[in-house]
Amino acid sequence: MNTQADTTRSLTHVVTTLMSSVRRTAPAVRWVSRAGWVSLLTGIALLVAGRILGWIEPTIMGAALVLLMVGAAAFAIGRHPYEVGLRLHSGRIVVGERAMGALDITNTSDRPVLPARVELPVGAGAASFSLPTLTGGATHSELFTIPTQRRGVIVVGPVSSVRGDPIGLVRRSVVWTEPQELLVHPATVRMHGSAAGFLHDLEGQATKDLTNADLAFHALREYVPGDDRRYVHWRSSARTGTLMVRQFESTRRTHLVLAVSTDRRDYETGDELELSISAIGSLGLHAFAGEKDVTTLTSEEHVSTVGVRPFLDGLTRIEMSGRTRHIVELARAISQEAPHATIAVLAVGAATSARDIRAAGAVLPVGVSGVVIRAELGATTSIRRLGVMTVLTLGSLSDLPAGFRKVERRSAA
């Protein structure tokens, strides 16, 4: 019994020691590249074969490969005494612009540090910089630019320093910074002059809704507790012997709803989605400048409208998706979430059918002026009516102001 217990304790000690060794060496194991493992295992196999067969050639070749791995490992050994800073000059730019940034690497030790390589992931790619020998306390800076060709979020970083041998057998990487987001806002165009008149047509018009305080006088009614005494009509009250208060018709204030379909079924190409988002962004910026009430939503989520920057940031994060809310479901969402809207603009692509556009108009709130921006790259700007919806076919973003002038004329006709 004692012998079995001793054996069990010995085995447990051996396993624990092995596991501890594996944990300690695991980081170093990750330094070895695939080519390094092939070289090491081939070298060991040749050494074993040479000993078994008694051949000197495999033994020499195996020893050379093993020594090569030992020499390669020497390049990765040592401390990385760096302090690394990643700076983007601006975290937000407009598509087509170049983002500027800088890397600052400082040797925090008192001794010189051998050359190394610094890697900076940028989106799906990566940039590599050669780091020279740094004396104690020295700083090396690298400036870089990021060209932007499409709207979206580009993740920059994390920055890592890399040491390794020249032929790539061993590669040791140390991460120094957190990743940063670069937001590439959509392109927009200014809606100026009469091109923006459609958004103001309903502003200040009286509605049939009655209120106790507004501009358009409607009638007199008897006073009820809680009414504002400022609106008591004293002459009528004296004549009738009963307190009478003024009642008003509500004047309409523009509430613009901007909706972008992100359903893949509504678009023939991804560029059509980009055009749709740019058009919605242009209208939204104009509405913000005019201090209009704005609600923005997509097939999957709301876009913040608390300010210009959150609005553009939200548009930047929009992505095309699979079978989400189609244009009809999107119009139904407008009815549920913005029932008092005055204007609803839905942006879709060329693949959206006329039947779906008519169906979307049928579920919008009563009294809403509905406009569909149908993005079709290269198409001639045109206007047509489908049910209650005015459809603007848009071939390029620069045509948007002229297109809305046509929408305004069609609405006034």
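Summary of computed values
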item	result
Counted charge near Asp263, where neighbours are those whose Cβ lies closer than 10 Å (Asp, Glu -1; Lys, Arg +1)	+1
Summed residue charge, Cβ within 9 Å of Ser128's Cβ, Lys/Arg positive, Asp/Glu negative	0
Sum of side-chain charges, Val348 neighbourhood, beta-carbon under 9 Å (Lys, Arg +1; Asp, Glu -1)	-3
Nitroxide proxy distance, nm - points 7 Å out along Cα→Cβ at Ser304 and His340	2.4
Other-chain or far-sequence residues with amide H under 5 Å of Ala99's (modelled H)	Ile146, Thr148
Inter-site label distance for Arg355 and Ile44 at 7 Å from Cα along Cβ, in nm	6.7
Amide hydrogen neighbours beyond the local backbone of Thr295, cut-off 5 Å, H modeled	Leu256, Val257, Leu258
Label-point separation in nm, Arg117 to Asp228, each point 7 Å along Cα→Cβ	7.2
Extension gain (nm, one decimal) between His89 and Leu243, 0.36 nm per residue minus Cα-Cα	48.9 nm
P(r) weight above 24 Å for the range 82-185, C-alpha pairs, percent	28
Mean Cα-pair separation over length for the range 62-177, i.e. relative contact order, pairs under 8 Å, 6 or more apart, %	30
Mean Cβ count within 10 Å, highest first, over the residues of peptides 343-351, 229-237, 266-274, 317-325	343-351, 266-274, 317-325, 229-237
Placed amide H near Ser369: partners under 5 Å, 5+ positions off or other chain	Ile343, Ala344
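Each value in this text was obtained by applying a stated rule to the coordinates, not by laboratory testing. A quick note: this is a predicted structure, and the numbers were derived from the prediction, not measured. Virtual Cβ from ideal backbone geometry, glycine too; neighbours counted across all protein chains shown.
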